[in-house]
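Here is the structure we will look at, set down as structure tokens.
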Amino acid sequence: MKLEIMTGDITRMQVDAIVNAANTTLLGGGGVDGAIHAAAGPELLAECKTLGGCETGQAKITKGYRLPASYVIHTPGPVWRGGDYGEARQLADCYKNSLSLAVSRGCETVAFPSISTGVYRFPLQLASEIAVKTILDFLKTDKLLRRVTIVCFDDHTKSFYDKALEKLK
Ligand code: AR6
């Protein structure tokens, strides 16, 4: 099984790329975005300022600077607005586009946070099922990735991803 779910701090992950649950400005924020910028150092924000933002569901890549990870892939997740505004498809796009970008840069190990389930209030059960299904589908045809890790910040969040994996594997 190449997909692994754990509890932890994504800024500590020794992987080729970590994914940032960003916003469309790519200029930093709170939550996991704030933690990644704090750990990477000011050079990360300087590079992000050159990128011209990013649309919801798309992804852009920078170096990892002071992080153990070589790269950061920034993807703005959807804000949950009740489910009738394409949120599910946009969240799937975040995972798919981040993995495509990682592979295009030769990454073999990638770590994701639980995109959109914090400040953006996407329901955890639906978000975890979309994340796990999209990653498993990608892994079915990909040959480069050795490991994809979903790094949950707390055990409550992890329990939803564990259940989704049990259901979908
Ligand atoms: N490692 C792993 N997960 C973390 C960490 C960490 N160090 N810190 C927080 N989380 P959120 P969103 C978890 O709100 O909902 C920002 O301001 C957190 O517990 O960070 O996509 C951006 O700039 C939660 O489970 O992201 C955007 O404006 C998950 O990461 C907005 O928040 C996502 O919560 C994006 O909101």
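Odds and ends about this structure:
- Pairs, first at positive phi in the range 24-40, second assigned to a helix (DSSP H, G or I), C-beta under 8 Å, six or more apart: Leu26/Cys48; Gly28/Gly34; Gly28/His37; Gly28/Leu45; Gly28/Cys48
- Val110 being aliphatic (A, V, I, L, M), within 20 Å of Met6 (Cα to Cα) and outside any helix (DSSP H, G or I): yes
- Test for Lys96: is it basic (Lys, Arg) and surrounded by fewer than 20 Cβ atoms within 10 Å (Cβ to Cβ): yes
- Lone qualifier among Gln125, Gln90 - being assigned to a helix (DSSP H, G or I), loosely packed, with under 15 Cβ neighbours inside 10 Å and polar (S, T, N, Q): Gln125
- Neighbours by Cβ (under 8 Å, 6+ apart or cross-chain): first from the range 51-73, among the hydrophobic types (A, V, I, L, M, F, W, C); second assigned to a strand (DSSP E or B) and surrounded by fewer than 17 Cβ atoms within 10 Å (Cβ to Cβ): Val72/Lys63
- For the range 103-119, a residue qualifies if it is within 7 Å of the ligand (Cβ to nearest atom) and touching a strand residue (DSSP E or B) at 6+ places or on another chain (Cβ under 8 Å), and the qualifying residues are Pro113, Ser114, Ile115, Ser116, Gly118.
- Residues satisfying the stated conditions in the range 25-68, i.e. over 27 Å from Gly86 (Cβ atoms), touching a Lys or Arg at 6+ places or on another chain (Cβ under 6 Å) and crowded, with 18+ Cβ neighbours inside 10 Å: Ala40
- Of the residues contained in the range 134-151, one or more are found to be surrounded by 24 or more Cβ atoms within 10 Å (Cβ to Cβ), within 13 Å of the ligand (Cβ to nearest atom) and within 25 Å of Leu45 (Cβ to Cβ).
- Out of Ile18, Ile61, Ile73, sole residue that is modelled with pLDDT of 95 or more and either farther than 29 Å from Pro123 by Cα or near the ligand (Cβ under 10 Å from one of its atoms) (or both): Ile18
The values are calculated or read from the model by the stated rules, or taken from the named source; none is laboratory data. Bear in mind that the values here come from a model prediction, so they are computed numbers and not experimental data. Here Cβ is always computed from backbone atoms with ideal geometry, including for glycine, and neighbour counts include all displayed protein chains.
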